[in-house]
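What follows is a single structure, written as structure tokens, with notes after it.
The values are calculated or read from the model by the stated rules, or taken from the named source; none is laboratory data. Computed from a prediction, not measured in an experiment: that's the story for all the values here. Heads up, the Cβs are rebuilt from the backbone with ideal geometry, glycines too, and the neighbour counts pull from every protein chain shown.
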Amino acid sequence: MIEKLTDWKYIALIIFLVILGVVIPFLWNEELSQISSSGPFKENKVNILAVGYDSNVNGPSRADTIILISLDVETNEAGLIFLPRDTYINSNKRNFTKLNSSHVYGGIELTQKTVEEMLKIDIDYYLETDFRGFEKIIDRLGGVNINVSHNLNYVDKAGGLYIDIPAGQQNLNGEEALEYVRYRDRRGDIGRIERQQKFIDAVLERVLSPAIVTKVPGVIREVNDAVNTNIPLQDITPFLNTAKEINLSQLESKMLPGRPEYINGISYWIPDFEETEIMVDSLVRNKSYIKNKEYQLNILNGVGESGAASKTANLLEKYGFKIDNIGNADKYDYQSSVIEYYSKDDEKIASQIADLLGGKIEYVEDAEEDFDKNIKVIVGAGYEKSV
């Protein structure tokens, strides 16, 4: 378990960065200490859309990176959903079919509306920055240390882009960091998002290091200059409170579920809306995904139908649960699913699983300590309604 952040780590989290020109600044100065700590957010939830774009292109800028950040300012938990820029938009309301084009047609405001419609949520605030601002902030941090998995080489003479980053442990300056998170290999946008998620971890490690404290004033100046946001000053204090208490085990990042596909010769990311709804429920509307990942589930087939346990396991994984084992129950005549739990503290989680599968819970009182955070799921009749 990661220790609770100390004061200097709190200061570092004020300049907590997401990726590719997307900065989540917890802006801090002397004025903020005079602001009430009470928050304006409904039900202590706040959703922020973070966008990075290229200001060097000719004409309006397309969004290059789009991330939904969902914070619970009461529990200090955070969920991040990466939205591929090639996400297919199938809507009669829009005259574009790629998510990143929303920035061209209506700037950050239209991008926000498009994401709200797609995910069926409300977004409270937005923030955006261009690549130049990203480079300056990374340079102010003193670069970012990251282990590059393989050589990254790309040349675009017409566009003036030359990427040459060798494999191995590297300290990337602002320009190199931008090249790293923008690089596209054969896996396209999906491979790049994986690098962006890896980059988040590297940035967090950097801003949580004691050496960053002396750099905070300069970084804050760069953030103020680089970031366009509609977060009003009086609403920043709840972010500070969240930053003060958060630890890395309370942050979960996922990518929008879907698949790559070509339509009329154009590459798109086609969302899986059924899986997306599960993700939004468990990572945005609430943060149950973060708690669920602490649990190890033992899934047993209690109906005798081929695939009953594995299909149920696949469903529960989408809600964040870890699957420890898949097997067969002692018999195949269970009329409903049974969820066995071994600690009174786990009753709520067991009940949630039972509600999902249409089953019932059973408390096993004399369980050994090894069963802590373990739950047994015996798949019974009616399971197919859930999966």
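Quick look at the values:
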{"item": "Residue satisfying condition, being in a strand (DSSP E or B), in the same structural domain as Ser267 (by TED's automatic domain parsing) and crowded, with 20+ Cβ neighbours inside 10 Å, within set Thr111, Thr129", "result": "Thr129"}
{"item": "Number of positions in the range 283-301 that are among the hydrophobic types (A, V, I, L, M, F, W, C) and within 10 Å of Gly79 (Cα to Cα)", "result": "3"}
{"item": "Check on Gln335, touching a residue at least 40 places away in the same chain (Cβ under 8 Å), of a type in the set (S, T, N, Q) and outside any helix (DSSP H, G or I)", "result": "yes"}
{"item": "Exclusive hit being in contact (Cβ under 8 Å) with a residue 40 or more places away in the chain, over 21 Å from the mean Cα position of the chain (by Cα) and closer than 20 Å to Gln197 by Cβ, set Ile137, Ile66", "result": "Ile137"}
{"item": "Qualifying positions in the range 193-210 - over 18 Å from Asp130 (Cα atoms) and either modelled with pLDDT of 75 or more or not aliphatic (A, V, I, L, M) (or both)", "result": "Glu194, Arg195, Gln197, Lys198, Asp201, Ala202, Glu205, Arg206, Ser209, Pro210"}
{"item": "Search result, residues across the range 69-83 that are out of contact with any Asp or Glu (no Cβ under 6 Å at 6 or more places or on another chain) and not hydroxyl-bearing (Ser, Thr, Tyr)", "result": "Ile69, Leu71, Asp72, Val73, Glu74, Glu77, Ala78, Leu80, Ile81, Phe82, Leu83"}
{"item": "Sole exception among (1) within 27 Å of Ser288 (Cα to Cα); (2) at pLDDT below 80 for Thr87, by number", "result": "(2)"}
{"item": "So Tyr342, is it out of contact with any strand residue (DSSP E or B) (no Cβ under 9 Å at 6 or more places or on another chain) and crowded, with 18+ Cβ neighbours inside 10 Å", "result": "no"}
{"item": "Where Phe134 falls short, out of the listed (1) in a loop (DSSP other than H, G, I, E, B); (2) among the aromatic types (Phe, Trp, Tyr); (3) more than 23 Å from Gly258 (Cβ to Cβ)", "result": "(1)"}
{"item": "Residues (in a strand (DSSP E or B) and among the aromatic types (Phe, Trp, Tyr)) located in the range 251-273", "result": "Tyr262, Tyr268, Trp269"}
{"item": "The one condition in (1) within 27 Å of Pro257 (Cα to Cα); (2) more than 27 Å from the chain's Cα centre (by Cα); (3) crowded, with 17+ Cβ neighbours inside 10 Å; (4) modelled with pLDDT under 95 that Leu357 fails to fulfil", "result": "(2)"}
{"item": "Condition broken by Glu294, with the remaining ones in (1) modelled with pLDDT under 95; (2) not in a loop (DSSP other than H, G, I, E, B) satisfied", "result": "(2)"}
{"item": "Residue tally, condition within 12 Å of Ile66 (Cβ to Cβ) and outside any helix (DSSP H, G or I), over the range 92-108", "result": "1"}
{"item": "Out of Val379, Val387, sole residue that is at pLDDT 90 or above and touching a Ser or Thr at 6+ places or on another chain (Cβ under 7 Å)", "result": "Val379"}
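Residue by residue, here is whether (1) of a type in the set (Ser, Thr, Tyr); (2) surrounded by fewer than 18 Cβ atoms within 10 Å (Cβ to Cβ); (3) closer than 28 Å to Leu251 by Cα; (4) under 18 Å from the mean Cα position of the chain (by Cα) holds:
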site	(1), (2), (3), (4)
Asn95	no, yes, no, no
Leu99	no, no, yes, yes
Gly106	no, yes, no, no
Ser149	yes, yes, yes, no
Gln169	no, yes, yes, no
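A quick yes/no check of all residues on (1) at pLDDT 80 or above; (2) farther than 23 Å from Thr65 by Cα; (3) surrounded by fewer than 18 Cβ atoms within 10 Å (Cβ to Cβ):
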| site | (1), (2), (3) |
| --- | --- |
| Asp235 | no, yes, yes |
| Glu252 | yes, no, no |
| Ile263 | yes, no, yes |
| Val284 | yes, no, no |
